[in-house]
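Everything on this sheet refers to the single structure shown next.
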Amino acid sequence: MKKRAPVGSIEHVGVTMKDLRAARRLFHETLRLPIAEYLDKEDAFAVKAGNTVIRVVDAQSNEAKHGRSGVSHVAVRVASLKEAADRCEDAGISMDPDQAGSNGRRAIWSDPKTTLGIPLQFVEQGVELKFQAHNAASLVERVDHLGIACHDGKVASDIYVNGLGWPLECTQTDSEFLIPMEITSNDKYGVASRAGTPIPTIGSGLSALFVWTGEFDLEIMQPLGPAKLRAPLGSVPGSVGQDQGAIARALDARGEGLLHICFKTPDIRGAIKAVKDHGIKMIDDQPRPGARGSEIAFMDRRTTEGILLHFAERLPVD
């Protein structure tokens, strides 16, 4: 199949939260992201991570109805709404009849049922924002990725890679194995042990696609088994089995869609300490291995106004 150019560039990542005052504290004061207010004085504000604008709106706003609470939608700036609509139709994406976009701009929205549960907002116009930096050193380099739960990775690739033209950065499969240990204990000759052959845990694991949007990746995750673990995502320390079970549980409860925002940081241990000093509890008090050779640490969503966030530190790969 001939590769197609990307449908457009990221305009913003949409976030919906109930308490905007607490949201300002979280994103600007705790995470130290530059902040801006919209000129029309609407009940919204923006922060910036690297080149990515994160637009935060009140949960009761008209805009919020398109997505779920927390990470809500992705806005894409295009040259032509008509061309974007035609491109979506070619990709099998249906459109919502609502043409009211962020900041009163004319927009078209995808039907999230046809875009993995993610409302995509297409706009032609950008918004000029004046960001105020935090007075302390930044914790965050940029948005690393948006986490997405899906039922079928091939369908995801057909929509976002083949249809909308964003390139596939890499794929990954996470598996979990049990290693049996044989131990012999003798009161005269002591203790001897031997590790046995690793045994794969049936139904535990994830497959993931990383799709590059020009500013961050879409980490599209498909669990390889049912929801065996009943702990919500981001509530207990992670492992392959826990991550798989929690994502499968999220699919059972809410269906496909956006799960979390990951922020790339140059110093994950320093970032953990900084947010803990502001009252954020960590699911991972110490970094653990993550995707693509990274170290990751999730924040406890009960202390981040219900939105699931995590840090990642990783070196670039040539």
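The values are calculated or read from the model by the stated rules, or taken from the named source; none is laboratory data. Small disclaimer: the values here were computed from a predicted structure and weren't measured. Positions of Cβ are generated from backbone atoms using ideal geometry, with glycine treated the same way; all protein chains shown enter the neighbour counts.
From Lys188, Lys154, Lys130, Lys113, grab the single residue that is on the phi < 0 side of the Ramachandran plot, touching a residue at least 60 places away in the same chain (Cβ under 8 Å) and either charged (D, E, K, R) or in a loop (DSSP other than H, G, I, E, B) (or both).
Checking each option against the conditions leaves just Lys130.
Tell me the strands (runs of 3 or more DSSP E) entirely within region 201-317 that contain at least 1 residues that are over 24 Å from Glu11 (Cα atoms) and either in contact with an Asp or Glu (Cβ under 9 Å, 6 or more places away or on another chain) or modelled with pLDDT under 95 (or both).
217-223, 295-298, 309-313
It is to be established whether one or more residues within region 93-103 are modelled with pLDDT of 95 or more, in a loop (DSSP other than H, G, I, E, B) and crowded, with 17+ Cβ neighbours inside 10 Å.
Within region 93-103 (the criterion being modelled with pLDDT of 95 or more, in a loop (DSSP other than H, G, I, E, B) and crowded, with 17+ Cβ neighbours inside 10 Å), the answer is yes, since at least one residue qualifies.
Just to be sure I understand the filter: pairs with C-beta atoms under 6 Å, separated by 6 or more residues or on different chains, first member in region 53-65 and under 18 Å from Gly126 (Cβ atoms) and modelled with pLDDT of 90 or more, second member crowded, with 18+ Cβ neighbours inside 10 Å and of a type in the set (Asp, Glu). Which pairs pass?
So the pair list comes out as Val57/Glu63.
If only one of Arg4, Arg32 is over 18 Å from Ala133 (Cα atoms) and either in contact (Cβ under 8 Å) with a residue 40 or more places away in the chain or crowded, with 17+ Cβ neighbours inside 10 Å (or both), which one is it?
When all the criteria are applied, what remains is Arg4.
Restricting to region 115-137, and then to whatever is over 24 Å from the mean Cα position of the chain (by Cα) and of a type outside the set (A, V, I, L, M), can you tell me which residue is surrounded by the most Cβ atoms within 10 Å (Cβ to Cβ)?
Top of the filtered list is Glu124.
Which members of region 104-113 meet the condition of being surrounded by fewer than 17 Cβ atoms within 10 Å (Cβ to Cβ) and under 22 Å from Asp158 (Cα atoms)?
So in region 104-113, the residues surrounded by fewer than 17 Cβ atoms within 10 Å (Cβ to Cβ) come out as 104-106, 111, 113.
Answer for region 104-113, where residues must be surrounded by fewer than 17 Cβ atoms within 10 Å (Cβ to Cβ) and under 22 Å from Asp158 (Cα atoms): Asp111, Lys113.
Identify the residue in region 58-84 that is in a strand (DSSP E or B) and among the small types (Gly, Ala, Ser) and, among all such residues, is surrounded by the most Cβ atoms within 10 Å (Cβ to Cβ).
Of the residues in region 58-84, the ones in a strand (DSSP E or B) are 58, 70-77.
Those left that are additionally among the small types (Gly, Ala, Ser): 70, 72, 75.
Working: Gly70: 21, Ser72: 26, Ala75: 24.
Taking the candidates together, the pick is Ser72.
Take region 139-174 and flag every residue that is among the aliphatic types (A, V, I, L, M) and in contact with a His (Cβ under 8 Å, 6 or more places away or on another chain).
Answer for region 139-174, where residues must be among the aliphatic types (A, V, I, L, M) and in contact with a His (Cβ under 8 Å, 6 or more places away or on another chain): just Leu146.
I'm trying to understand the selection: among the residues of region 1-53, which are among the small types (Gly, Ala, Ser) and within 19 Å of the chain's Cα centre (by Cα)?
Matches in region 1-53: Ser9, Gly14, Ala23, Ala46, Ala49, Gly50.
What single numbered condition from (1) polar (S, T, N, Q); (2) in a strand (DSSP E or B); (3) within 18 Å of Ser9 (Cα to Cα) fails to hold for Gln172?
(3)
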